[in-house]
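So the structure is just underneath, and the comments pick up after that.
The values are calculated or read from the model by the stated rules, or taken from the named source; none is laboratory data. From a predicted model like this one, the values you see are computed outputs, not experimental measurements. Don't worry about glycine lacking a Cβ; one is built from the backbone with ideal geometry, like all the others, and counts go over all protein chains shown. In case anyone asks, the SASA skips ligands and DNA or RNA and just uses the protein heavy atoms, side chains included. Shrake-Rupley method; radii C 1.70, N 1.55, O 1.52, S 1.80 Å.
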Amino acid sequence: TPQFGIVTTGNPEKEFLDRLTTNTEVVKNIDSFIKSDDMNFYSIDYSWQKGSHHKNGQFNPDWFIKQGDNIIAVEIKDDSQISDPDAENIGKNKAATKHFELLNEYSLTNDNPIRYKFTFLTPKDFDIFFQRLTEKNVMNYNSNLDVKLAEVSG
């Protein structure tokens with residue numbers, strides 16, 4: 001990482017950072033990573049319904065991990081989101097999924113080998129995510145929260 005220091009927000013992010021940087025198999029199998037700031041780094045516009053009001057916002061995925069020609073954008077949440085995801089996270093997921101699908105389409109039509117993956121992760125899925133990262137088989141991985149968000153967004 002090009003960062004001198006990394007600031008995490010809450011325990012799930014700190015646990016993710018610990019696993020990303022202390023597991024030698026993970027470290028050997030990624031090229032680089034960056035922890036994005038909460039604002040003004042790589043903003044994705046999204047919208048969601050709050051009661052009867054339509055809201056708009058921007059968010060930055062928490063992490064970007066480069067592994068070969070793959071870039072994995074990761075948004076960290078706590079395990080409670082799996083059973084009852086916030087409307088805001090449903091909106092973030094829709095927008096980010098569409099954003100990275102468009103980037104992949106652009107890459108394909110311009111002979112660019114870079115492929116992008118967006119995923120929501122909770123601590124419940126950290127083990128399998130890092131296993132898949134070590135195996136270089138993360139691009140088809142869907143976390144429990146990814147599955148739930150796809151299910152509720154229809």
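A simple count of charges around F64, restricted to other residues whose Cβ falls under 15 Å of its Cβ and scoring Lys, Arg +1 and Asp, Glu -1, yields -3.
Skip the ligands, DNA and RNA, and give the accessible area per residue of the chain with a 1.4 Å probe, whole Å².
Here the per-residue accessible area is 56 Å².
Over all other residues within a Cβ to Cβ distance under 10 Å of E88, the charged ones net out to +2, with Lys and Arg as +1 and Asp and Glu as -1. Here the accessible area of the chain is 48 percent carbon and sulfur, with a 1.4 angstrom probe and all protein chains present. Residues S36, S83, S47, sorted by accessible area with the largest first, give S83, S47, S36 [1.4 Å probe; ligands and nucleic acids excluded]. Rounding to the nearest 10 and keeping the result within 0 to 90°, find how far the Cα-based axis of helix 11-22 lies from the longest principal axis of the chain. For 11-22 against the chain, the angle is about 20 degrees.
The figure for R132 is an accessible area of roughly 60 square angstrom, using a 1.4 Å probe on the protein chains alone. Candidates T134, Y106, S52 compared by Cα position along the dipole of the chain: farthest toward the positive end lies Y106, with charges placed on Cβ. Over all Cα atoms in region 1-119, the spread is summed up by Rg and Dmax: 15.5, 49 Å.
Taking every alpha-carbon pair under 8 Å whose residues sit at least 6 apart, the chain reaches a relative contact order of 24 percent.
Can you give the helix-only mean residue ellipticity at 222 nm for the chain, where every DSSP H stretch with n ≥ 4 adds -39500 (n - 2.57) and the sum goes over all residues, rounded to the nearest 500 deg cm²/dmol?
Values: 6 runs with 63 residues, N = 154.
Only helices count here, giving -12000 deg cm²/dmol.
Relative to the present Cα-Cα distance, how much length would full extension add between K28 and H54 at 0.36 nm per residue of separation?
4.9 nm
Placing +1 on the Cβ of every Lys and Arg and -1 on the Cβ of every Asp and Glu, with nothing else charged, gives the chain a dipole about its Cα centre of roughly 140 debye. Of K77, K28, K136, the residue with the greatest mean-square motion in the GNM of the chain, using alpha carbon springs below 10 Å, is K28. Summarising the strand pairing of the chain, around 70 percent of its internal DSSP beta bridges are antiparallel.
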